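Quick note: the coordinates plus some simple rules give every number you see, no bench work behind them. Everything numeric in this text was worked out from a predicted model, so none of it was measured. So basically every Cβ, Gly included, is an ideal-geometry build from the backbone, and we count neighbours across all protein chains shown.
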Amino acid sequence: MLPASILATAVRRPLGGISIIGGAGCSFEEPTGIPLSRRCSEDAFHQLVLDGLLSEGECADPSDLSQLADLVFAKFGTQRPLVDRLPLNLFRLARANDGYLLLAALFRESVIASFVTLNFDLVALKALSDVGAINDVAIIRGPEEHANHRTHNVIFLHRSVDAPADDWILRTAQLDTAWRDGWQELVALRVVSNPINVFIGLGTPAAVLIESVAKVRARAPGGTAFYQVDVGNKEDSAYFRALNLPDANYIQMGWTQFMEELSERVLAEQILQLDRGCREALAPGELDDGDLEAIKTRISAGGLLALGRARAQWMMKRSTYHPFLEPELPFLASVLIAIRTIEKHTHSLAEFRDSAVVEFREGAKICASAAFVVAMGQRWLALEPRIHQLRQRWGAQNTLRANIFVCGAVGERPSYVTVPERLVPASDADNIVEPAGFDVFDIEELRADPALVLTRENLERHE
């Protein structure tokens, strides 16, 4: 288990008190699979030799990227020959592993203040895009973008793959002393002044970070906490020795495992709130404690990412992840109550699918499927185009047609639910009001009569 101070900071208001400083170990984990710097350096050196730019034995340690950069710069007056032989396309296009996806989700949940990467790859940005966090986080790729700082930031301390080759922070002098009184020092001091700072997946200590930590600890003793996370033993960690931390502040685990355990605390808090919301929304005698425990177990089984994706789908968001927001709690609670009510009625277990659909299975048999839409403050008639778009995807994902249950819509509900039948050909398989297929109901109707989950098509199968 992670230290209590990290877990508490992840869920206490105001949030955003955790800074993460990540290195090559974060991008090494699959499916990202970017080689560590030693491998990148060795491969680049061999290419430089094969291309006739360097000779064998010219670099004392080809696995030391800084040493190789020193040699190339001294010989050619530029880093470009080296940078061009690094895996640039991999840096630009590598898939985000679960650690990065959880990082992006925790940005959306306002848990993370800043992620400072010492890598050149763009995996963190890809993860932000994957979970729809583009508008929540500022991207700082160098001093020219310093004015973009916001509450939540991704910062490329050594520049990114898209920077000019000679701007990459590679050479020994750049790493050891050139940062003093410059942008890197300014950023480092700002970041490590947050309440919780986690160094993870790092190799050779970066002097700017080590000295910044020392300054913050001297000026605000006890005001900040620093942790080192690594898969190896603390005795083998150069960063841990340089940071001069107590043994209790070394966490032996990998990048993704750390992010999973951090996200589990956030998930547990959200489930606690959902439990409260369900209890407040329950009608007398509707469900008991065992029912609430069952649905909490079901909705949390896939982890934080799965819960955020379910929220995004139910609320018809364009992004693939939607954070927990207190005003939405009563509506989400109503959906969960309805799902548990259907489970009891059909003697099945809920399985959460894409595009807002929940399937109810009894073993291998699908008893029913239902689509849930949370439409806070939206008028009934305005829902038709959005539901139609979703419905176009449902057919390929479900063996049974799904009735649609709407929560939170306002105004008078039309008797025909959406467009009159005469305006839509009955032969249209995607018609969301086709009489022989499925119907749209208010979710309160479903809670009162769970048999509404069975469309006329699957009612015959169920019977």
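For H322, H388, what's the fewest-to-most ordering of other Cβ within 10 Å of each Cβ? Walk me through the numbers on the way to the answer.
Details: H322 24, H388 16.
In order of increasing Cβ crowding within 10 Å: H388, H322.
Once label points are set 7 Å from the Cα along Cα→Cβ at both L381 and D166, what is their separation, rounded to one decimal in nm?
For L381 paired with D166, the spin-label model returns 6.5 nm.
Kindly put M259, M1, M376, M315 in sequence by how many other C-beta atoms sit within 10 Å of each C-beta, fewest to most.
With the sparsest Cβ surroundings first, the list reads M1, M376, M315, M259.
Kindly state, to the nearest 0.05, the FRET efficiency for D181 paired with L88, given R0 = 25 Å and r defined as their beta-carbon distance.
According to the calculation, E is roughly 0.20.
Which order do L325, L243, L304, L292 fall in if you start with the one that has the fewest other Cβ atoms within 10 Å?
Ascending Cβ contact count within 10 Å gives the list L325, L292, L243, L304.
May I ask you to derive the FRET efficiency for H388 and A448 from their Cβ-Cβ distance with R0 = 30 Å, giving the value to the nearest 0.05?
My answer for the efficiency is 0.70.
Could you work out [θ]222 nm for the chain from helices alone, using -39500 (n - 2.57) per DSSP H run of at least four and dividing by all its residues? Round to the nearest 500 deg cm²/dmol. Write out the running numbers ahead of the final one.
Details: 19 runs with 194 residues, N = 463.
Only helices count here, giving -12500 deg cm²/dmol.
Straight-line reach from K126: which lysines have a Cα under 20 Å away, not including same-chain ones fewer than 8 places off?
K317
On a full-extension model of 0.36 nm per residue, what is the gain between E58 and I271, subtracting their alpha-carbon distance, rounded to one decimal in nm?
Extra length available between E58 and I271 comes to 70.8 nm.
Just add up the charged neighbours of A375: K/R +1, D/E -1, any other residue whose Cβ is under 14 Å from the Cβ of A375.
+1
Cross-link partners among lysines for K215, C-alpha distance below 26 Å, same-chain residues fewer than 8 apart left out?
K234
What distance in nm lies between label points placed 7 Å from Cα along the C-beta direction at N244 and E326?
4.2
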